[in-house]
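Accompanying notes for the structure given below.
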Amino acid sequence: MSNSGSSGKMPNKKKKETIPYELRNAREWDPNYRKEDHPSDDDSDDGDDFDSDEDSDYDNCVPYVSGGPEANGTAANKFSNTANLSDGFQRVSYKHSSRNPPSPNGSGLNGRTATQHREHRARPKVIFNYKRDNSARAAFRKRQTPSGKYTLRKLCHEIEPNRAKMYDLIEEIGVRLGSFVRPPQHVHDRDLLIWGNAAQVQKTIAGLHDHFGRSQDMVRKSTAKDNFVNEHSTTGNNYKTMQKKMEKEAMIQRFQQVPEASHTYPYTGSFLWPVDEVRPEELFGSSLEAFDPVRFQYKCHIVFDNRLSVFKVLTNDSESVKKALRRIEGTMKEFIAKNHHRRSVEYLVEPPSPPAIRHDVKNLPGPSLSRIPTLIGKIIDSKADERYLEQNTEMKVKNSHRLEQALRKTIPNLPYYRGQLQMRIYFGTFALSQFRWPGTASSIPFEQFMENMALSNTKGGIIKDLQIKEDAATVMSKIYEAKNLFLPVSNSIDKLIEVAPSFAARFTFQELNKPTMLLDIEMNTASLDDIYERMQALWTRADRRDNTTLLDVFMAQLDGGSSCKLHISNDHTIDASRITPKMRDFVNSVNLKIPPKTKPELAGHKVFQWEKDLPGTMYPTSFEQKTSFKYRLVRNTDWMFEIARYDTFGDPKDEKVPVNTHWAATLLNTDWDSILTANAGLDIGQSATWDPKLATFFPRPTRAAHHHQGVDPGVLDFLDIVRTITNFLDGLKKESPHLRR
């Protein structure tokens, strides 16, 4: 295998490939990107917008190591995953006639050929979350000559002793102004090299001068520690430490660049990549910047040889080559898991209890043009009771099988999802957004409704609203009395009424010509109930498609009871390098102020406050406050139930009074978070090591339980727990009938 490290330039076969990389991928790295300004950006409404229509074979993707006496070849795992075919159903409107019937071959492409359809779907969505290069940083990686230079008037450590803080500031200025600034390479280096066009370089120099000019003119105030000799005696050690850290940073940046053509590396490795399936630059960036963590960790160069369609790893250590190749192989597994596994959606209809069994189903108006299916008509006669009870049992068994199959299909892919994975059960009201309805009929038979629910074009969702709007005190009192069902989360608390609420805030920022930003802040009690501390502050973009739904299983109640949804998602937050100083200032200004002798969960008091007069600060366009109570289940303390009140504020006349209020409930197993937390710390090419089996998340209960033949006992136990919570929520509505709509 050749040791040539520079990757050849990819030929531009299509006209659209001539679009600058930073423009084609602007939304991935530019926080000010708006899709309206770039209508050509291809982004579907669904999270599962890519599925290949042909079977994929990766048997030839073999990593190979050469060079040195210890080098040897390693065989890659074979990937047997087969791509899913399009289901071929047309989109059906709710009422009247359906449009665009499917073609005879079942493709449902409405005149488009199958070849055109494959070309449209063969372009994968970006699945690797990383800092994308702008054109300036790409020029630095290619070893192009810098476009400008800024010289510090003092040495780096004399301006800012905290090296990491200074480097972060330099990077933030470059990202914000579209340039790249290389920090000093050693303690005596005062030159900051700049890459970018003339306008970017000029703005960057002005930005650097604006900050470092003021910093260098500031006179450092003496402190009491300066008077002690032992402080001065450590100056030499601090100097050496700073020198080592800066040399390490310089080495890391050298591995970001393409290797020098004149240098020969004793150990090389290769990994064959299926370029016909996906081009590497589409997944990893124009300079393969997604592999920067691998380059840093194993001190190697990673390039792509376009002529041979292989990744090349160049380094001075054989073990580093093998480990880097395994990480590249891991990216292939992640690509398969995310792009060849469609989002799973199941709609399960819970059989009604005998007193509520009726013949017909009617769709009632819901929010946002949705429809809420409800049983209507006469209650069945006593002679038909036995037959309907048998059907109910069959429906329960069938629902259990479908839930188990959906979980067994999804769970094996979860180890390859990096980031924040969550598994939750949300309770509310089930509503249909798309459903096949016969003409102008006011209702349809229950059997026909069940058949139409099984169609692939059916779409629905859960309205997270328990319809508790007035008598909140009555509802909370019923929770306090449910001692046979709930326990306090803390062992230091004996009574349910003593459980302190948790508070969370969601701020929405919407500015002209900028994307909508969301900020979620959570505050929980510390050791003392009256002391709250910030648990997290997460920024997300409302227009990003990084948040992926992996599984949705809806369990709909048609007799007016509470429906629920089992939801598994993979969420990504905005990278720390994209957080601007204004965003950080706003987060730091948010604090909690609970009025004395009040219960926010009952009265809806606004407890969050933030600075509104800071110069240049951001101001939210809307604010939602969440007041929640968490309890463990008596049946199994691994399960946690949360009931929360959501208050939306925004009335300009009175900002302290909520304009909208609703209640919601959530159920989760604390073991789920403990397991899935491992995915949050994964880097590119890595996968979680927990066992991807059904029993990992749904263990078999130790106690004896009823079971159906062929259904996993852990799934049955889970469904039994969900029904227990559903019955409790339905009991709240029956105890307070005026709360029902």
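So the values come out like this:
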| item | result |
| --- | --- |
| Hey, T429 farther than 30 Å from A680 by Cα and in contact with a strand residue (DSSP E or B) (Cβ under 6 Å, 6 or more places away or on another chain) or not | yes |
| Residues within region 479-493 that are part of a loop (DSSP other than H, G, I, E, B) and either surrounded by 12 or more Cβ atoms within 10 Å (Cβ to Cβ) or in contact with a strand residue (DSSP E or B) (Cβ under 7 Å, 6 or more places away or on another chain) (or both), tallied | 5 |
| Close pairs (8 angstrom Cβ cut-off, 6 or more residues apart or separate chains): in a helix (DSSP H, G or I) in region 697-710, at pLDDT 65 or above and of a type in the set (F, W, Y) anywhere | F697/W672 |
| Odd one out for N230, checked against (1) surrounded by 10 or more Cβ atoms within 10 Å (Cβ to Cβ); (2) farther than 18 Å from A164 by Cα; (3) among the polar types (S, T, N, Q); (4) at pLDDT below 90 | (1) |
| Hits in region 656-682 - residues which are among the charged types (D, E, K, R) and surrounded by 13 or more Cβ atoms within 10 Å (Cβ to Cβ) | D671, D673 |
| Residue that is surrounded by the most Cβ atoms within 10 Å (Cβ to Cβ), among those in region 550-595 that are under 30 Å from N363 (Cβ atoms) and in contact with a His (Cβ under 9 Å, 6 or more places away or on another chain) | L550 |
| Any hit, region 394-414, residues being touching a Gly at 6+ places or on another chain (Cβ under 7 Å) and under 16 Å from Q557 (Cα atoms) | no |
| Some residue of region 506-514 being part of a loop (DSSP other than H, G, I, E, B) and among the aliphatic types (A, V, I, L, M) | yes |
| A441, sole failed condition from (1) under 23 Å from Q557 (Cβ atoms); (2) part of a helix (DSSP H, G or I); (3) at pLDDT below 85 | (2) |
| Close pairs (6 angstrom Cβ cut-off, 6 or more residues apart or separate chains): assigned by TED's automatic domain parsing to the domain that holds A664 in region 449-465, exposed (fewer than 14 other Cβ atoms within 10 Å of the Cβ) anywhere | S456/D87 |
| Criterion: of a type in the set (A, V, I, L, M, F, W, C), at pLDDT below 90 and in a strand (DSSP E or B) - qualifying residue of L538, L551, L528, L558 | L538 |
| Elements of type strands (runs of 3 or more DSSP E) in region 139-207, at least 3 residues being aliphatic (A, V, I, L, M) | 191-195 |
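Residue-wise test of (1) small (G, A, S); (2) without any contact (Cβ under 8 Å) to a residue 12 or more places away in the chain; (3) in the same structural domain as L633 (by TED's automatic domain parsing).
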site	(1), (2), (3)
E394	no, yes, yes
H401	no, no, yes
Q405	no, yes, yes
S443	yes, no, yes
F446	no, no, yes
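Listed here are the residues, each with its yes/no results for (1) of a type in the set (A, V, I, L, M); (2) at pLDDT below 90; (3) assigned by TED's automatic domain parsing to the domain that holds M555.
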| site | (1), (2), (3) |
| --- | --- |
| S628 | no, no, yes |
| L633 | yes, no, yes |
| T637 | no, no, yes |
| N679 | no, no, yes |
| L682 | yes, yes, yes |
| Q686 | no, no, yes |
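The values are calculated or read from the model by the stated rules, or taken from the named source; none is laboratory data. Nothing here was measured: the structure is a model prediction, and the numbers come from that model. Neighbour counts run over all protein chains shown; Cβ positions are idealised from the backbone, glycine included.
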